[in-house]
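Student: Would you mind keeping the following structure in view while I ask a few things?
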Amino acid sequence: MSTTPPRHSSPPFKRPRLSSPSNSHSNRLTSSPLQPPRSSHTTTAGLNYPDRDRSPLRSQRPEYELAYTFKGHKGGVSSVKFSPDGKWIASCSADKTVKIWSAVTFTYEQTIQGHTAGINDVDWAPDSKVLASASDDKTIRLWDLQSGKQILVLTGHHNYVYSISFSPIGNTLASGSYDEALRVWDVRTGSCLRTLPAHSDPISGVHFNPDGTMIVSCSHDGLIRIWDTATGQCLKTLVEQDENAPVTGVRFSPNGKYLLAGTKDSAFRLWDYMRGKCLKTYLGHRNEKFSIFSTFVVGGGWVVGGSEDSDVFLWDVGTKEVVQTLVGHEDVVLGVSAHPKGGIIASCGLDGTMRVWIDKGKMRPRGRVKD
Amino acid sequence: MNLSLLDPFALAQEYPESLKYQLKSGHSTCIRFNWKGDLLASGRLDGVVVLFDMETRSLARILRGHVRQIQSLSWSSSGRYLLSASQDWLAVLWDLETGSRLRTVRFNSPVYIAELHPHDHLTFVASLFEDSPSLVSLHHPTKTAKHTLPSAPHRPASDSASEGEIDEKLAAQDSKQLTTATVFTANGAYIIAGTNKGWINIISTSTREVLSSTRLTNGCITYIRLTMSGRDMVVNANDRILRTLHVPPVLCHPHNSTPPTDITVSDLELEVEHKFSDVVNRLLWNHCAFSSTGDHLLASTYKNHDIYIWERSLGTLVKILEGPKEELGVVEWHPTPRPLVAAVGLETGLVFVWAKEADQRWSALAPDFEEVEENVEYIEREDEFDIHPKEEVKRRRMWAEDEPVDVFGMEGDGAHILYMS
């Protein structure tokens, strides 16, 4: 068993903020020893950096600004998720509650209670009507959004349930737990369809690919594994050879061709899982202790991730450049979520707040999303 | 999407090996996979239609609307609509998004087979018990337009008056022809109908006239099934022979393109490709189906427990699936490349599923390992054990990360295209 604390537990000491909000991006860029040196953050930096896929459109930077701060939770907020229809935001916390916020009017909607211990993760069913939450009380609970009532309790895990993911058609749910098993559940009956002894350390992340044929899981043992949904067999294992740092979260790219994984060596990596090759390493943030979420931002071509220095980082997917840092949180940022249509980012963290950032810049949609 | 990671040897396995599990909900009489293969519709003896989720193997939906045994089921290509036909003289079109009954059509006799138009869920063709087949259009929101289709074979006009007597005889015979099986071609422009006297009629959907007729056998034709591509078909008749035929290429023009106008009778000639029969036991075939690719044919046998699988192009028997100790009725092959076959037990009404589960590839669990057939002498690379400073290695690797990536677009996803086709 790893000594890593659960995602929501409060830190043993309050970490001083590493940088003042007045810091500019370029400061942070050059502060990383691994980033190639750059004169400025404009596109002329391409001189000493072979970024082939940069087009004039790409250089357009995001201009996210803090729009709302929600202070409802009485503990650290471990995860935040936009609903697939883009109308709601769900946040879950160490205070054993899930709170629903409107992503249209940006107001508080309701609090869902029932878990007997802190909650690690939430996920929306594809119809945006059902919500699942994974908790330290070893259960996963399914909730009806309309009534706020509990639909099902999925019991079976022997330890904290850490991460959950609905399948794209919403008939099954995958969960990863501290008991080192990956379970697949039938959402209609609540029965466990499969238990996969997937890893040798707590599982920190699970995610379905867009057509539901594969599940990816990651663990503190440093491995990322891809499973065939139909047979339950392992199809591929990925490992970062030199680092072998605990993996704290993983997800498929919107088109299902790549994986984005966060590791405790303060890096998010983009993997081509077919070739078993790491294509991009996103650096600049700090992640040594907590499980921090990262995701893709539609409409910009950004990767967004939290950081232990209480900022939210946005990287360009292709150039790995930090394009913006969102400053506002007062403690570790754990969860990030991007609006399915783009232009809005939600973040949450140990300071007990959930924050919404809106892109004030001219939005130009880049790339399609799978419906 | 997972195809590119799957073991190619497991994919090459084209037919299932052994009985894996069974699905139970009442007494099933007829089953049908949707086009994606994630749902299996099952019609029951008590008239209830249930949908099994093939992934969770549990019930996804229960549809109540019939009071007698379900005879046939047909999915729309989108997977949203399901047509069920029953011995209670009704055909019901279900909207599965809401689980509601969209339309109910009453006939004047029990329905044998009702099949939806492949591109229009508001049109279907039904073959009826001792009645003329019907082409039904539900385009009007309330009214149901039923068009009777002819059953009499198309006979070329005779050239001399002296044969009038024979013509009369034929006409008398033709009036006894009853259509027992109907199916749309892949583009929906034509209907292939089989009669109780062993004739196959090709009927135009638009003019509702018989374009050509071929006599395959003397026996009654009980079932016609097309491959997913629509280029081949299998005909089951009660003369104990399954026949595979090529659908005439003129009938296979793509949907939405204009059909060829100058079709001659010779274009529509049907030629039997293979005949499949059990020469030893003289078994009667209960039901038959094609594999997803159309390369294999399977059939359940009358008063026997086995399912036969043939390789279609060569006509050879490749596998006899053994399973439950009971006679099997309707058989279905999963519409994806997965080797999976489902069949209904006539006595118990259970749905039996045969599958082939690939073994775990151990190399998948360890990224550095590769499975080899025999020992290989390892030749190290020139620089394999060179020692570089860690920072230097890291920097080099970071600089090598210059590949363009597209995390949003779906273009060029070969595996995905393979899955869809």
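The values are calculated or read from the model by the stated rules, or taken from the named source; none is laboratory data. As the structure is a computational prediction, the values presented were derived from the model and not from experiment. Counting neighbours? That spans all protein chains shown, and the Cβs are built from the backbone with ideal geometry, glycine included. These area figures cover heavy atoms from the full protein model, side chains too; ligands, DNA and RNA do not enter into them. Shrake-Rupley method; radii C 1.70, N 1.55, O 1.52, S 1.80 Å.
Student: Can you find even one residue in region B:368-376 that is surrounded by 10 or more Cβ atoms within 10 Å (Cβ to Cβ) and either part of a helix (DSSP H, G or I) or more than 13 Å from chain A (Cβ to nearest Cβ) (or both)?
Tutor: Checked against the condition, which is being surrounded by 10 or more Cβ atoms within 10 Å (Cβ to Cβ) and either part of a helix (DSSP H, G or I) or more than 13 Å from chain A (Cβ to nearest Cβ) (or both), region B:368-376 yields no hits at all.
Student: When you go through (1) within 14 Å of chain B (Cβ to nearest Cβ); (2) open to solvent by 30 Å² or more (accessible area, probe 1.4 Å) one by one for A:LYS138, which number turns out not to apply?
Tutor: (1)
Student: Select, from A:GLY284, A:GLY342, A:GLY300, the only residue that is assigned to a loop (DSSP other than H, G, I, E, B), within 11 Å of chain B (Cβ to nearest Cβ) and buried (at least 24 other Cβ atoms within 10 Å of the Cβ).
Tutor: One residue alone meets the criteria, A:GLY300.
Student: A further question on this structure: Go through (1) more than 10 Å from chain B (Cβ to nearest Cβ); (2) in contact with a Pro (Cβ under 8 Å, 6 or more places away or on another chain); (3) not β-branched (Val, Ile, Thr) for A:GLY256 and report which single condition fails.
Tutor: (1)
Student: Using the structure shown, decide if A:LEU283 is among the aliphatic types (A, V, I, L, M) and either farther than 23 Å from A:PRO84 by Cβ or more than 16 Å from the chain's Cα centre (by Cα) (or both). Spell out how you get there, then give the answer.
Tutor: Details: among the aliphatic types (A, V, I, L, M): yes; either farther than 23 Å from A:PRO84 by Cβ or more than 16 Å from the chain's Cα centre (by Cα) (or both): yes.
When the stated conditions are applied, A:LEU283 passes them.
Student: Still on this model: Just one of the numbered conditions (1) in contact (Cβ under 8 Å) with a residue 12 or more places away in the chain; (2) touching a helix residue (DSSP H, G or I) at 6+ places or on another chain (Cβ under 8 Å); (3) among the acidic types (Asp, Glu) is not true of A:ASP221; which one?
Tutor: (2)
Student: Mind checking whether some residue in region A:214-227 is more than 20 Å from the chain's Cα centre (by Cα) and open to solvent by 10 Å² or more (accessible area, probe 1.4 Å)?
Tutor: Scanning region A:214-227, I find no residue that is more than 20 Å from the chain's Cα centre (by Cα) and open to solvent by 10 Å² or more (accessible area, probe 1.4 Å), so the answer is no.
Student: Taking the conditions exactly as written (at pLDDT below 90 and outside any loop (DSSP other than H, G, I, E, B)), does B:GLU165 satisfy them or not? Steps first, please.
Tutor: Details: at pLDDT below 90: yes; outside any loop (DSSP other than H, G, I, E, B): yes.
It is true that B:GLU165 is at pLDDT below 90 and outside any loop (DSSP other than H, G, I, E, B).
Student: Can you confirm whether region A:237-245 contains a residue that is closer than 21 Å to A:ASP123 by Cβ, facing another protein chain (nearest Cβ under 7 Å) and buried (at least 21 other Cβ atoms within 10 Å of the Cβ)?
Tutor: no
Student: Every residue in region A:246-272 that is assigned to a loop (DSSP other than H, G, I, E, B), open to solvent by 10 Å² or more (accessible area, probe 1.4 Å) and among the hydroxyl-bearing types (Ser, Thr, Tyr), please.
Tutor: Passing the criteria: only A:SER266.
Student: What number of residues within region B:60-93 are of a type in the set (S, T, N, Q), in contact with a Leu (Cβ under 7 Å, 6 or more places away or on another chain) and over 12 Å from B:GLY43 (Cα atoms)?
Tutor: 1
Student: So is A:ARG275 open to solvent by 10 Å² or more (accessible area, probe 1.4 Å), charged (D, E, K, R), in a strand (DSSP E or B) and within 13 Å of chain B (Cβ to nearest Cβ) or not?
Tutor: Judged against the criteria, A:ARG275 is not a match.
Student: Those residues that are modelled with pLDDT under 90 and either open to solvent by less than 30 Å² (accessible area, probe 1.4 Å) or of a type in the set (Val, Ile, Thr) (or both), I need them from region B:217-231; list them, please.
Tutor: If the condition is that a residue be modelled with pLDDT under 90 and either open to solvent by less than 30 Å² (accessible area, probe 1.4 Å) or of a type in the set (Val, Ile, Thr) (or both), then B:THR217, B:GLY219, B:GLY230 are the ones that fit.
Student: So, one more: Does B:LEU270 qualify as being of a type outside the set (Val, Ile, Thr) and surrounded by 21 or more Cβ atoms within 10 Å (Cβ to Cβ)?
Tutor: The answer is no for B:LEU270.
Student: Also: Starting from residues that are more than 21 Å from B:THR214 (Cα to Cα) and among the polar types (S, T, N, Q), keep the ones in region B:243-260 and report whichever is most open to solvent (accessible area, probe 1.4 Å).
Tutor: The extreme case among them is B:ASN256.
Student: Where residues in region A:165-219 are of a type in the set (D, E, K, R) and part of a strand (DSSP E or B), which of them is farthest from the other protein chains (Cβ to nearest Cβ)?
Tutor: Filtering first and then ranking leaves A:ARG183.
Student: Right, another one. Of the residues in region B:250-262, how many are at pLDDT 75 or above and among the β-branched types (Val, Ile, Thr)?
Tutor: Going through region B:250-262 one residue at a time, the tally reaches 2.
Let's see how each residue does on (1) farther than 18 Å from B:PRO248 by Cα; (2) open to solvent by 10 Å² or more (accessible area, probe 1.4 Å); (3) among the basic types (Lys, Arg):
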{"residue": "B:LEU138", "(1), (2), (3)": "yes, no, no"}
{"residue": "B:LEU149", "(1), (2), (3)": "yes, no, no"}
{"residue": "B:ALA152", "(1), (2), (3)": "yes, yes, no"}
{"residue": "B:PRO156", "(1), (2), (3)": "yes, yes, no"}
{"residue": "B:TRP199", "(1), (2), (3)": "no, yes, no"}
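Student: Mind listing whichever residues of region B:49-59 are at the interface with chain A (Cβ under 7 Å from one of its Cβ atoms) and over 18 Å from B:GLY349 (Cβ atoms)?
Tutor: B:ASP53, B:GLU55, B:THR56
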